[in-house]
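Novice: Please find one structure pasted underneath; my questions will follow.
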Amino acid sequence: MMRYINGEPLCPIGYVQTKNPMYKKRKICKYTTEGREEIHRNLKFDETVMNVLHMLARAYLPNRSVEYMDNRVSLYAAQYGKCAVTGKVLWIDEIHCHHKKPLSQGGTDEYKNLIIVHIDVHKLIHATKPEIIQAYLDKIKPDKTQLSKINELRMLAGYTAI
């Protein structure tokens with residue numbers, strides 16, 4: 001029941017009702033040891049992905065911005081350590097962070113302009129010579145869906161579809 005005092009609405013505390021969130025597990029809580037363990041268990045990162053994540057976070061590329069470096073780590077975590085095209089879990093030396101819209105065409109280091117891909121996929125996206133394209137197609141052996149993703153990234157970067 002709403003009451004008004006001097007024109008200001010006032011709701012008596014006795015009428016306030018609360019209920020527990022239905023979608024959230026009660027034991028997940030960042031303030032308890034058990035709750036923190038449950039949060040980490042739900043992250044779904046295996047030890048390999050965690051090691052690579054730590055290496056990426058510590059890496060330093062002098063010709064790249066801080067935004068690029070931070071977004072690269074965030075993307076790797078968001079993609080669960082997998083290539084956005086092939087779905088393969090990537091090791092540190094296989095990771096390439098591709099600009100959907102190249103910096104030379106006015107692209108930025110923003111999160112939405114970056115994507116994590118395998119080094120060979122990245123080379124295929126930027127390849128222009130037919131023999132190089134064919135060599136990487138033979139190496140990657142993409143299926144229809146993967147080829148579609150590659151072509152989408154190629155077109156965003158200003159290249160023709162394969």
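The values are calculated or read from the model by the stated rules, or taken from the named source; none is laboratory data. Note that the structure is a prediction, hence the values are computed from the model and not measured. For neighbour counting, all protein chains shown are included, and Cβ atoms are generated from backbone atoms with ideal geometry for every residue, glycine included. Surface areas here come from the heavy atoms of the whole protein model, side chains and all, with no ligands, DNA or RNA. Shrake-Rupley method; radii C 1.70, N 1.55, O 1.52, S 1.80 Å.
Novice: Per-residue HN-Hα couplings for segment 10-15, Karplus 6.51 cos²θ - 1.76 cosθ + 1.60 at θ = phi - 60°, whole Hz, x for Gly and Pro?
Specialist: Once θ is set to phi - 60°, the couplings for segment 10-15 become 9, 10, x, 4, x, 8 Hz.
Novice: Full-extension gain between Met155 and His126, please, as 0.36 nm times their residue separation minus the C-alpha to C-alpha distance.
Specialist: Between Met155 and His126, full extension yields 9.4 nm more.
Novice: Now a separate question. Could you sort Met2, Met55 by their accessible area in this structure, using a 1.4 Å probe and putting the largest first?
Specialist: Descending accessible area places them as Met2, Met55.
Novice: What is the Rg over Rh value, at two decimals, for segment 55-162, using alpha-carbon atoms and the Kirkwood definition of Rh?
Specialist: 0.95
Novice: For segment 49-59, take each phi angle, set θ = phi - 60°, evaluate the Karplus expression 6.51 cos²θ - 1.76 cosθ + 1.60, and give the result in whole Hz per residue in order, putting x for glycine and proline.
Specialist: Taking θ as phi minus 60°, the curve returns 4, 5, 4, 5, 4, 5, 5, 4, 5, 8, 5 Hz for segment 49-59.
Novice: Sort 128-135, 93-100, 12-19, 117-124 by the packing proxy (mean of other Cβ within 10 Å over each peptide's residues), most packed first.
Specialist: The densest-packed peptide leads the list: 117-124, 93-100, 128-135, 12-19.
Novice: Let me ask you something else. Amide H of Thr86 versus every other amide H placed in the peptide plane: which residues, excluding those fewer than 5 positions away on the same chain, fall under 5 Å?
Specialist: Under 5 Å from the amide H of Thr86: His118.
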